[in-house]
Every structure is written in C-alpha cells, then in structure tokens.
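Notes follow once the structure below has been shown.
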Amino acid sequence: MFFTIEAYKDLTQECMGYRLNKDGNWYPQKCFGKCNTELDMIFEKHEEARSWIKEHEMIINKTNIDATLSNSIDAKEVYICEVMTHRLTKPEHQLTKPELINMILHGDDRFNNSLIIDFNGYPRLIKCINSDDIRLTQNYAVRYETFNAGKGDVGSSSNIYYIDQIYVSLLEAWLEHLKTGRSIYTDYTENKLSNDEIINTINKLHIAIF
C-alpha cells in the first residue's frame, strides 16, 4: 500500500486534475486510480503525504495555488488536494458489529472521541486529548462523526441503540474507500444495500495493483 497526492478544482473533476510527480511538478492525470510508480511521487504513509502538502509551495501551470480552501486566497487559484490510497493487496481485516459494540462500550466519555477505520480495516476509537491524537484522526480510510464528551455516546453506560446505523454507515464508507482510494468521512447511511450485500461486495472487490 502506498499513497499519492492529487489536485483538482472541484469535486466534479476529481478524474480530470493533476498528480504530483517525483520531480516536484504536477502533471495532468485523467484517472486518480491509476499510478505510475516510476514517475509519480510515492509516499509510504498517509501522514507523510499530508505533511508534504502543508510544507511545500504548490505551483500548477506556472501558477501558485492555494490548497487550504481558505476564504482569503489573494491572487492564487484554489485547488482541492487529496491523498489517494493505492493498494497492492486486500485489507487485513473486515469490521464486524460485535467488535464495534465492544469498542464503543470501552470508550472514555470524559473526552471527545473520533471513530475511524484505519487503512488495514481495523476500527479505532481515538480520544482527542492532545495534538498527537488530532493528528491520528486526520489519517484514516474512513472517519465517522466525533462523539462529544459527556453525551453518553461511548463508555460502559452508553445506549447503543444507534449501533446499527453506525455499523452500516461505516460499511458503506469502507466500500467507497476501497473502490476509490479516497479517505471518506461519513455521518449518515444511504441504505441502498443490506449489511450482507455490502460485505459480499467488499469480499468480491478486485483490488487493482495500481
């Protein structure tokens, strides 16, 4: 598994943008799912790619661009920058409802908690206490909405009546991540497929090498 950086102007053009190459320049890329390991800049970790975006000036077509999506962009063009996942094999793990329930019941309601699925398919409930915790919540395959402290959403006294909704939402987002390579944020369910149908689709999904 490795990662690349893409840039495009709006969500309707994610397959009509640019990719960062090893020479530091951006070249047109028609499909972000494809990768040329000889030319494209490759990152071993998601957070390394995110750090590159923060630390480097970005120039596309000889124009400085702003990848922060801030409202004060001066004379710069605004691009959406996105870190894409490229898999060599299928993920190690498939999320189950029992492990999700167990994780939520063992959460600490004194803190805000972010629920993510990491790039190997494992769910994680991250207590947001310091900057290192926040950094972890920014590197994910799937992220569910944050559980606010003191609301009783996690912990031994948690009322897990909403667990089915969370589980389906995570499955849907995980499938979308595997299909597209994108990091997916979710806080709702589409309910287009049943749990079993989603899992069967995931199991049958062909993971392209590049």
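Things to note:
- Apportionment of accessible area to carbon and sulfur, the stretch 158-210, percent (1.4 Å): 49
- Gain upon complete extension [K54, V78; 0.36 nm per residue less C-alpha separation]: 7.2 nm
- Dipole size of the stretch 83-188 about its Cα centre, with +1 on Lys/Arg Cβ and -1 on Asp/Glu Cβ: approximately 260 debye, rounded to the nearest 20.
- Partner lysines whose Cα lies under 21 Å from the Cα of K22, excluding those fewer than 8 positions away in the same chain, are identified as K30, K34, K45, K54, K62.
- Treating r as the C-beta distance of Q94 and N25 and R0 as 35 Å, the FRET efficiency rounds to 0.35.
- Remark: spin-label model distance E197-Y185 equals 2.8 nm, labels positioned 7 Å along the Cα→Cβ axis.
The values are calculated or read from the model by the stated rules, or taken from the named source; none is laboratory data. Since the structure is predicted, the reported quantities are computational estimates derived from the model, not experimental observations. Backbone-built Cβ (ideal geometry, glycine too); neighbour counts: all protein chains shown. With ligands, DNA and RNA removed, areas are computed over all heavy atoms of the protein, side chains included. Shrake-Rupley method; radii C 1.70, N 1.55, O 1.52, S 1.80 Å.
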